[in-house]
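The values are calculated or read from the model by the stated rules, or taken from the named source; none is laboratory data. Everything numeric in this text was worked out from a predicted model, so none of it was measured. Here the Cβ positions follow ideal geometry from the backbone for every residue, glycine too, while neighbour counts run over all protein chains shown. Calculation scope for accessible area: heavy atoms of the full protein, side chains included, ligands and nucleic acids excluded. Shrake-Rupley method; radii C 1.70, N 1.55, O 1.52, S 1.80 Å.
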Amino acid sequence: MFSKKDLLYAGLDFNIPMHLKRKVYPTNLIALLLTFCVALPFTIISYIYFRPLAIFPFIGMILCFSTIYLNQKGAFYYSRFIISIFPISIGAIFNAYLSKTGEQPIPSIYLIELGCSIIPFVIFDLSEKVYLIVLSLISVILILTFPITNDWLEMNLDANIIRTGWLSNVANLLALSCTFACVYGYVILSKETENETLKLLLDSKEKNNKLESIQDELQKSIHKNELSQIEDKKRNWIIDGINKLYEIVRANNLETQMKYDYLISFIVKYINANQGGFYISTINQNDLEMIKLVSCYAYNRKKHINQEFLPQESGLLGQTYLEKEYIYLIDIPKDYIRITSGLGDANPRSLIILPLLINNHVEGLFEIASFNTSFEKHEIDFLLKASEVTALFVQNNKITEKTNFLLENSQQQSEDLRAQEEEMRQNLEELSAIQDEMKAKENVLLSKNQAINLTLAQIQFDTNGNILNANELFLKTFKYKLEDIQNKHHSIFLDNEYKLSNDYKIFWENLNNGIPQTGEFKRMDRLGESVWLSATYTPILNEQNIVEKILKLAIDITENKKATSEFEAQILAITKSNAIIEFDGKGEILTANSNFLKMMGYELHEIKGIHHKIFVNEDITTSKEYNEFWMKLNNGEFIEGEFSRIGKNQKQVLMRGSYNPILNDKGDVTKIIKYALDITKEKIV
């Protein structure tokens, strides 16, 4: 199977004269462009609208590929002759057949003929005058003899669609493509000639000045290498520092406070500063946003200082927090900071305060002070990157703490619910155990029944399902009065479908056979609104062990059901309104929803397992920024913004979205989910 490179460079490996070798690549290029930009589209158009003429552009495609094949075999003169004569000849024949006798030629096809007439001047050298003259004369004859060929060649075809219809615009575009192919080939030749001329001039100049420039170049190279080594050393210093920060924030064996302490102490020591303060933003009991000092480090010791203040009341710290820009001072007000050591007290010479900024939200602050006159640029760059890493850590830590809090509450609620269920189960067992002693313990049963009435909705039915009695909690839950439901059938709480179902019939047969029914039941209140109950229907037996009536004890769980339904609806709404795609850590596609597939024009099987690069231009995928993009995602960084992507058939898609790394319990990225909205139309407008 030939690649694009194989086709373009076919024949260049032959040992041939330079003037001929320069013409091989433009010949191949023009053949390919004529094939895919002119011959193939006209073959399709002709097959649809002028089927008898479809053979001519198809022959043109074969001849274009034959040109490349002849170049591959070394037959350069034959290949150039073919590509110079046959395209214009086929265009002339095509035009003559489509135009009726006496009609003017079709302008778009006439343009293609004119474009093809340029080809000899692109692929033949001026030294090949005979070929140029002969081929030019043939081209002129083919163009000027249209009235003659028009009389000879004629078919009864309706050419109005290509002469004046929408297809005329398409044909004009293809004609421009033909001309572009020739001009582009000529530009390549001109560029090669220009490069060769420039190379000769540069070589001459280089030889004349070589002895004088060697020493200067050597000195510049040495100086450049020295500067490069210094810059590399600074970059490596920054990278090493950031890697060590990542080790601290990812350490699973450290408490959060220890991580705070290690972070600020490492940063202070790494840049040879004297003191550092680490602040985070919090919400106090009055729902006010506060800045809290969580760790302080000075002179190789942790300082135990408690500070908490409002941003608008905290001077430079508050200014940094509110403006979201770092502050760097070398003229520090007296007594702004007191750094205490064994030698006495002193005010620092330089101070920098940095916001811990992520997604335009300040998660905290770094305050670093030093006796040095100033911080160097690479030290400030390190502090800026360190603040980004720390901001992400603080944000993730807050999210984790909030999640744990919600999880604990959920677990506690589950425990409470299980306790209630257990209590209800025990009460029911106790009620069943004392049925034989009911008369003797009537007072005890009455008191327990009162307790149940306060906590459980209760209703009684006879064996036919007619309502005997109900407590206040049940009546309140279903918005009825007792007289509204007494002596009416249990089915008043059901919808029509379930009321007539076989399941409902079996439900009452089981109860009449003494089989309790327990579970979650959907019922209807007086207003027709749904009520969900966690309930038990218990058959009450008489002394002959015959079912005498049915007792139902229930807990209203409607709100829990609504909350669950709302959560599921929210997830469904996000899926329906957003284009969603998932990648593994390598960038390979795991799955995508229908919105995303529709936006990009693909089916899932076409992209599943393929790398994200399928949506990006090649010059971006090979860039440093693209590699850093995936490194950030694999480091757990959230990325959002507007992105330009390439859909199927090179369709440009503009989208606004976010890439969200999904972490496991070890903090490792397991996959990346992208949520996006199509803003292509919005951007075009």
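Looking at the stretch 602-622 only, could you name the residues that are within 17 Å of F643 (Cα to Cα) and either among the charged types (D, E, K, R) or in contact (Cβ under 8 Å) with a residue 40 or more places away in the chain (or both)?
Initial filter on the stretch 602-622 (within 17 Å of F643 (Cα to Cα)): 611-622.
Correct list: K613, E618, D619.
Considering the stretch 254-270 alone, what residues qualify as being closer than 15 Å to V394 by Cβ and either over 35 Å from the mean Cα position of the chain (by Cα) or free of Cβ contacts under 8 Å to residues at least 60 places away in the same chain (or both)? Spell out how you get there, then give the answer.
Of the stretch 254-270, the ones closer than 15 Å to V394 by Cβ are 254-264, 267.
Passing the criteria: L254, E255, Q257, M258, Y260, D261, Y262.
Which ones in the stretch 627-647 are open to solvent by 70 Å² or more (accessible area, probe 1.4 Å) and within 17 Å of A676 (Cβ to Cβ)? Steps first, answer last, please.
Just the residues of the stretch 627-647 that are open to solvent by 70 Å² or more (accessible area, probe 1.4 Å), to begin with: 627-628, 631-632, 640, 642.
Within the stretch 627-647, E640, E642 qualify.
Residue by residue through the stretch 537-553, note down the ones that are open to solvent by less than 40 Å² (accessible area, probe 1.4 Å) and modelled with pLDDT of 90 or more.
Residues satisfying the conditions are Y537, T538, P539, I540, V547, I550, L551, L553.
I'm trying to understand the selection: among the residues of the stretch 511-536, which are among the hydroxyl-bearing types (S, T, Y) and open to solvent by 70 Å² or more (accessible area, probe 1.4 Å)?
Selection gives T518 alone.
Which is at pLDDT 85 or above, closer than 17 Å to F366 by Cα and open to solvent by 40 Å² or more (accessible area, probe 1.4 Å), of K292, K244?
Details: K244 fails: closer than 17 Å to F366 by Cα.
Only one candidate passes the filter, namely K292.
Report, by residue number, each residue of the stretch 496-510 that is farther than 26 Å from N545 by Cα and either open to solvent by 70 Å² or more (accessible area, probe 1.4 Å) or assigned to a helix (DSSP H, G or I) (or both). Write out each step before concluding.
Initially, the stretch 496-510 is screened for residues farther than 26 Å from N545 by Cα, giving 496-502.
N496, E497, Y498, K499, L500, N502, listed by residue number.
Grab the helices (runs of 4 or more DSSP H) fully contained in the stretch 3-61, keeping just those with 3 or more residues being open to solvent by less than 70 Å² (accessible area, probe 1.4 Å) and under 26 Å from S168 (Cβ atoms). Before the answer, list the steps.
Numbers: elements: 4-8, 18-34, 40-49.
Output list reads 18-34, 40-49.
Can you pull out every residue in the stretch 452-472 that is in a strand (DSSP E or B), touching a residue at least 24 places away in the same chain (Cβ under 8 Å) and open to solvent by 50 Å² or more (accessible area, probe 1.4 Å)?
L468
When the residues of the stretch 97-113 are filtered to those that are within 48 Å of the chain's Cα centre (by Cα) and buried (at least 20 other Cβ atoms within 10 Å of the Cβ), which remaining residue is nearest to P52 (Cα to Cα)?
I109
Of all residues in the stretch 114-170, how many are in contact (Cβ under 8 Å) with a residue 40 or more places away in the chain, of a type in the set (V, I, T) and either farther than 23 Å from T101 by Cβ or open to solvent by 80 Å² or more (accessible area, probe 1.4 Å) (or both)?
6
How many residues, within the stretch 631-677, are closer than 14 Å to K586 by Cα, among the charged types (D, E, K, R) and touching a residue at least 60 places away in the same chain (Cβ under 8 Å)?
Residues that pass the stated criteria total 1.
A75 fails exactly one of the following numbered conditions: (1) closer than 25 Å to I123 by Cα; (2) crowded, with 18+ Cβ neighbours inside 10 Å; (3) more than 42 Å from the chain's Cα centre (by Cα); (4) of a type in the set (G, A, S). What is the number of that condition?
(2)
Look through E113, E103 and report the one residue that is touching a helix residue (DSSP H, G or I) at 6+ places or on another chain (Cβ under 9 Å) and in a helix (DSSP H, G or I). Write out each step before concluding.
Values: E103 fails: in a helix (DSSP H, G or I).
Exactly one of E113, E103 is touching a helix residue (DSSP H, G or I) at 6+ places or on another chain (Cβ under 9 Å) and in a helix (DSSP H, G or I), namely E113.
Among the residues of the stretch 226-241, which ones are open to solvent by 80 Å² or more (accessible area, probe 1.4 Å) and either of a type in the set (A, V, I, L, M, F, W, C) or farther than 30 Å from G667 by Cβ (or both)? Step through it out loud before you land on a result.
If we filter the stretch 226-241 for residues that are open to solvent by 80 Å² or more (accessible area, probe 1.4 Å), which is where we start, we get 226-227, 229-231, 233, 235-236, 239.
Passing the criteria: E226, L227, Q229, I230, E231, K233, I239.
Restricting the stretch 473-484 to residues that are under 57 Å from the mean Cα position of the chain (by Cα) and over 18 Å from Y537 (Cα atoms), which is least open to solvent (accessible area, probe 1.4 Å)? Full working, then the answer.
From the stretch 473-484, those under 57 Å from the mean Cα position of the chain (by Cα) are 473-481; that's our starting set.
Checking which are over 18 Å from Y537 (Cα atoms) leaves us with 476, 479-481.
Details: K476: 160, K479: 84, Y480: 43, K481: 129 Å².
Ranking the candidates gives Y480 first.
Any idea which of K624, K598 is more than 25 Å from A573 (Cβ to Cβ) and surrounded by fewer than 16 Cβ atoms within 10 Å (Cβ to Cβ)?
From the options K624, K598, the qualifying one is K624.
Out of (1) more than 22 Å from L383 (Cβ to Cβ); (2) in contact with a strand residue (DSSP E or B) (Cβ under 8 Å, 6 or more places away or on another chain), what's the single condition that is false for E217?
Of everything listed in (1) more than 22 Å from L383 (Cβ to Cβ); (2) in contact with a strand residue (DSSP E or B) (Cβ under 8 Å, 6 or more places away or on another chain), E217 misses just condition (2).
Only one residue in I82, I93 is outside any loop (DSSP other than H, G, I, E, B), farther than 17 Å from F50 by Cα, at pLDDT 80 or above and under 53 Å from the mean Cα position of the chain (by Cα). Which one? It would help to see each step written out before you state the result.
Details: I93 fails: farther than 17 Å from F50 by Cα.
Of I82, I93, the one residue that is outside any loop (DSSP other than H, G, I, E, B), farther than 17 Å from F50 by Cα, at pLDDT 80 or above and under 53 Å from the mean Cα position of the chain (by Cα) is I82.
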